[in-house]
Amino acid sequence: MVLLAVYSLFDQGSWVYLHSSRRANIQQIARLALEQMERDIRLSGFGVPTGNKFGDTVKWTPDLFLAAPGKIYFRADIDHGHTWVTRKIAANDRTLYVEKPNLICPNPGATTIVLEDDSKKWQPLTCVAADSGNGTIDVDADAMECPAETCEVFTPEHIFYRLTGDANNDGVCDRSGPGDDPFCSLQRAVIFGNDPDVNSVVPPDSEFQELASNIIAFDVQSGGLLKITLTVRDRSMQGPQKYQDVVLTTEILIRDNIY
């Protein structure tokens, strides 16, 4: 009888430990996912020009161009690919003097950049060569005239967050029927480019990577503050077909208005 009592206490303690361990695990999943989103979204608008394209009337749409249940799409120079121009750029120059050639042009011939004057007027270019010794990069087209005091080069990215398995776009995982897997995932895609129209198109599934699993809801509410609520679920140790949920919420002050 004593052994049975001891075993019963041990067994109960083991179930409690497993239940707590699972809860701590899903809390960690939600916390890390929210921290990643916060870091990215707080940079929304950094490196994105506000004026017209050089020689044209084309403008970039707002930095945060979609915020709705189950998805957030925005622009930001999240990899801090930025450098100042060190010498005045004359009209038709194709060699630009910059502070950090290799940072701004890590892949010559394939690195798209945005040349900006005072964060307003801008020109899309491709860097075809970088020379750290001379502090220069070569571009594929005639550059616009730009004074060194206000001229910068950026490599802004287009960032997409979405909830999988949300066919009706309400921010809730649809796979929750009896006997069905009740979990979806949070995915993230980053598109490098300097065309505000082309790179605003949602990329194909192959470009998305899983950021967090066991997600059952991803709610986004926009306004003066961007409010994000992430609900994570895992199986409970209290019985079959029992689940436990963790809900985490964050609020982020965004730089721009919703498009």
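The values are calculated or read from the model by the stated rules, or taken from the named source; none is laboratory data. Note that the coordinates shown come from a computational prediction; the quantities given were computed from them, not determined experimentally. Here the Cβ is made from the backbone with ideal geometry for all residues, glycine too, and neighbour counts use every protein chain on show.
Values computed for the structure shown
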{"read-out": "Output for segment 105-137, where each listed residue is in contact with a Ser or Thr (Cβ under 6 Å, 6 or more places away or on another chain) and more than 14 Å from Gly47 (Cβ to Cβ)", "value": "Cys105, Thr126, Cys127, Thr136"}
{"read-out": "Candidate set from segment 149-188 (those that are aliphatic (A, V, I, L, M) and surrounded by fewer than 20 Cβ atoms within 10 Å (Cβ to Cβ)); member that is modelled with the lowest pLDDT", "value": "Ala167"}
{"read-out": "Segment 30-72, residues that are among the β-branched types (Val, Ile, Thr) and surrounded by 22 or more Cβ atoms within 10 Å (Cβ to Cβ)", "value": "Ile41, Val48, Ile72"}
{"read-out": "Segment 44-65 residues that are in contact (Cβ under 8 Å) with a residue 60 or more places away in the chain and under 19 Å from Leu226 (Cα atoms), paired with ones that are part of a strand (DSSP E or B) and of a type in the set (Val, Ile, Thr) (beta carbon under 8 Å, 6 or more apart)", "value": "Leu64/Ile72"}
{"read-out": "Among (1) modelled with pLDDT of 90 or more; (2) under 15 Å from the mean Cα position of the chain (by Cα); (3) over 30 Å from Val172 (Cβ atoms), the one test that Asp79 misses", "value": "(1)"}
{"read-out": "Residue within segment 80-100 that is in contact with a strand residue (DSSP E or B) (Cβ under 9 Å, 6 or more places away or on another chain), assigned to a helix (DSSP H, G or I) and surrounded by 17 or more Cβ atoms within 10 Å (Cβ to Cβ) present", "value": "no"}
{"read-out": "Near pairs, Cβ below 8 angstrom, 6+ apart or cross-chain, from segment 168-197 (assigned by TED's automatic domain parsing to the domain that holds Tyr243 and among the small types (Gly, Ala, Ser)) to any residue that is modelled with pLDDT under 85 and part of a loop (DSSP other than H, G, I, E, B)", "value": "Ser176/Pro182"}
{"read-out": "Subset of segment 111-124 that is modelled with pLDDT of 90 or more and assigned to a loop (DSSP other than H, G, I, E, B) - its residue that is surrounded by the fewest Cβ atoms within 10 Å (Cβ to Cβ)", "value": "Lys120"}
{"read-out": "Any hit, segment 126-135, residues being in contact (Cβ under 8 Å) with a residue 40 or more places away in the chain, crowded, with 20+ Cβ neighbours inside 10 Å and either closer than 18 Å to Val58 by Cα or assigned by TED's automatic domain parsing to the domain that holds Trp84 (or both)", "value": "no"}
{"read-out": "Hits in segment 28-71 (condition: outside the structural domain of Asn169 (by TED's automatic domain parsing) and outside any loop (DSSP other than H, G, I, E, B))", "value": "Lys53, Leu64, Phe65, Leu66, Ala67, Ala68, Lys71"}
{"read-out": "Number of the exception - Phe74 against (1) assigned to a loop (DSSP other than H, G, I, E, B); (2) under 30 Å from Thr249 (Cα atoms); (3) touching a Ser or Thr at 6+ places or on another chain (Cβ under 8 Å)", "value": "(1)"}
{"read-out": "Residue, modelled with the highest pLDDT, within segment 24-61, restricted to residues that are more than 17 Å from the chain's Cα centre (by Cα) and more than 30 Å from Glu145 (Cβ to Cβ)", "value": "Gln28"}
